[in-house]
Structures are given as C-alpha cells and as structure tokens.
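K.L.:
Here it is, the structure in full.
The values are calculated or read from the model by the stated rules, or taken from the named source; none is laboratory data. Remember, predicted model here, so these are calculated numbers, not experimental data. Don't worry about glycine lacking a Cβ; one is built from the backbone with ideal geometry, like all the others, and counts go over all protein chains shown.
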Amino acid sequence: MELGAQDPRRNALESFVLFARFAVQIPYYPELPMDMQNLVKMANRIGDFFGAWPDRDQAREEIAGHLRRFWDPRMRVEIIDYVESEGGAGLQDIVIEAVKALERPGAPA
C-alpha cells in the first residue's frame, strides 16, 4: 500500500523511523549520574504545559502523573532527591509540589 505525501500515516511512520534510528544510537551509561540541569529543564517544561490549566490541583496531579508514566525510575529518584536536598532550586513551585507527591520508585507501597 502506497501512502501519499500528505497522508498523516506517512508522516507518523517517517517520524517513528527517524526516532528509531536515533534511539538505537543513544549510548547507555548507567554509571553516570543524571544531568540535574536537564531534568529541571524538562520538569519545568512539563510544568509550563500543565501549569496553564485553570485547576491548580488537577495540574499538579497531571504533572506528577506524567512523571510517573514517562520518566525512568532513576530520573524520578534524582528529581525527588534534588527537591528533598536542595529544595528544588530552579523548579517551578507547581513542579516542586508535584514531585513531593511522587512515591520514591522501589519504596514499599
């Protein structure tokens, strides 16, 4: 089946292929610590998106939910440790609140 140039399935397929090619090339170094500056930047971008919602409580829950669903457990541990030890310097207030609502991965429920 040939997909036309304007077919959204073609665009999605091309995007996936580019992502797959890129993802395979990313090296994995488990011994290196996470880059906190990058985590803060990513968390704040999530906060920018959900923080625009009119219901602050729902926005905070959506931020925490996004971090639970899409962040690797090691990333969550790093951001939780950062908020606990450094007070979350550089993070938006709503992001700090969301991080405080997270359970530490691997902790008993």
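K.L.:
Test ARG56 against the criterion of being modelled with pLDDT of 95 or more and exposed (fewer than 15 other Cβ atoms within 10 Å of the Cβ), and give yes or no.
P.N.:
In short, yes.
K.L.:
Taking the stretch 79-105, which residues are surrounded by fewer than 17 Cβ atoms within 10 Å (Cβ to Cβ) and under 14 Å from the mean Cα position of the chain (by Cα)?
P.N.:
Of the stretch 79-105, the ones surrounded by fewer than 17 Cβ atoms within 10 Å (Cβ to Cβ) are 81, 84-87, 89-90, 93, 100-101, 103-105.
Within the stretch 79-105, none qualify.
K.L.:
Looking at (1) modelled with pLDDT of 95 or more; (2) more than 15 Å from the chain's Cα centre (by Cα), which is the only condition PRO108 fails?
P.N.:
Every condition holds for PRO108 apart from (1).
K.L.:
Please go through the stretch 80-105 and pick out each residue that is in a loop (DSSP other than H, G, I, E, B), over 13 Å from LYS41 (Cα atoms) and of a type in the set (Gly, Ala, Ser).
P.N.:
GLY87, ALA101
K.L.:
Turning to a different aspect of this structure: Please name all residue pairs, on different chains or six or more residues apart, with Cβ atoms under 8 Å, provided the first residue is in the stretch 38-61 and is part of a helix (DSSP H, G or I) and the second residue is of a type in the set (Ser, Thr, Tyr) and modelled with pLDDT under 95.
P.N.:
LEU39/TYR82; VAL40/TYR82
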